[in-house]
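Presented below is the structure to which this report refers.
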Amino acid sequence: MIDDIKQDTEERMGKALEALSHNFNKIRTGRAHPSLLDSIRLDYYGAETPLNQLANINIEDARTLSVVAFDKGITPDIERAILKSDLGLNPATAGDVIRIPMPVLTEETRKGYIKQARGEAESARVSVRNARRDGLSMLKELLKEKEISEDEERRGQDVIQKLTDDYVAKVEAALGEKETDLMAI
């Protein structure tokens, strides 16, 4: 039973780390990367469709993305969606190809992105701690129902705390990596 609680808690902490990684991909660095456009969705025949399912997204050079729509008729819609997104990108259309140059990051925008990254990391830490809290409450419930002994509960608490410390350290490492990436010129 304690192993089941540990596994469930570890799964939830893993999902928090995965969500952090996904959120960090949305915060752009100075380099072009197709995952920057993952959050963009378009209305395509009445359904909200992710951009990467409607177009090929490629890296032309270190600071430029190119987007080629599978259906040439939606190229203007894709351009509008990129402009409306909160990514601060200005696409330029040349025929069927949309080129998206990445603006050079100023120190002020870098600091803003670092602040955003720290907020995402704090959310991940909160999720990890919530998973710990739920795991500990499950242990307390088992103790209350006399399904485990106090010693087993204590051992379970130690295991869950160790998991929490490991995952918080992973969050910190990911944040440090993202900050380094953002401050690199």
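What follows draws every value from the coordinates through simple rules; no lab data is involved. Everything quoted here is computed from the prediction, not taken from an experiment. Every residue, glycine among them, receives a Cβ derived from its backbone with ideal geometry; neighbour counts consider all protein chains shown.
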Label assignment, Rg and Dmax of the Cα atoms in Å derived from the structure, set (1) 15.7, 51; (2) 14.3, 43; (3) 21.9, 71: (3)
Given the -39500 (n - 2.57) contribution per DSSP H run of 4+ residues, what per-residue ellipticity at 222 nm results for the chain, rounded to the nearest 500 deg cm²/dmol? -20500 deg cm²/dmol
Distance between the C-alpha centers of the range 154-168 and the range 49-66? Whole Å please. 41 Å
Proximal lysines to Lys170, defined as alpha-carbon separation beneath 21 angstrom and excluding residues fewer than eight positions away on the same chain: Lys6, Lys15, Lys26, Lys115, Lys162, Lys178
With a 10 Å cut-off between alpha carbons and a GNM built on the chain, which of Glu122, Glu153, Glu48 moves the most? Glu48
Between Lys162 and Ser39, what FRET efficiency follows from the Cβ-Cβ distance if R0 is 41 Å, with the result rounded to 0.05? 0.75
Can you give me the P(r) profile for the range 34-101? Cα pairs, bins 5 angstrom wide beginning at 0, each as a whole percent. 3, 18, 34, 29, 13, 3, 0
With a 10 Å Cβ neighbour count serving as the proxy for reagent exposure, in which order, fewest first, do Phe24, Phe70 appear? Phe70, Phe24
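Mind checking the full-extension length gain between Lys26 and Thr49? Use 0.36 nm per residue of separation minus the Cα-Cα distance, one decimal, nm.
Details: separation 23, 0.36 × 23 = 8.28 nm, distance 1.75 nm.
Length difference between fully extended and current span is 6.5 nm.
For a quick check of your reading of the filter: which trypsin sites (Lys or Arg not before Pro) in the range 75-170 sit in a DSSP loop and have no more than 16 other Cβ atoms within 10 Å?
Working: sites: Arg80, Lys84, Arg99, Arg110, Lys111, Lys115, Arg118, Arg125, Arg129, Arg132, Arg133, Lys140, Lys144, Lys146, Arg154, Arg155, Lys162, Lys170; in loops: Lys146.
Within the range 75-170, the qualifying trypsin sites (Lys or Arg not before Pro) (loop, at most 16 other Cβ atoms within 10 Å) are Lys146.
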On a 0 to 90° scale, report how tilted helix 107-144 is relative to the longest principal axis of the chain, with both axes built from alpha carbons and the result rounded to the nearest 10. 30 degrees
For each of Met13, Met138, Met1, count neighbouring Cβ atoms within 10 Å of the residue's Cβ, then give the residues from fewest to most. Met1, Met138, Met13
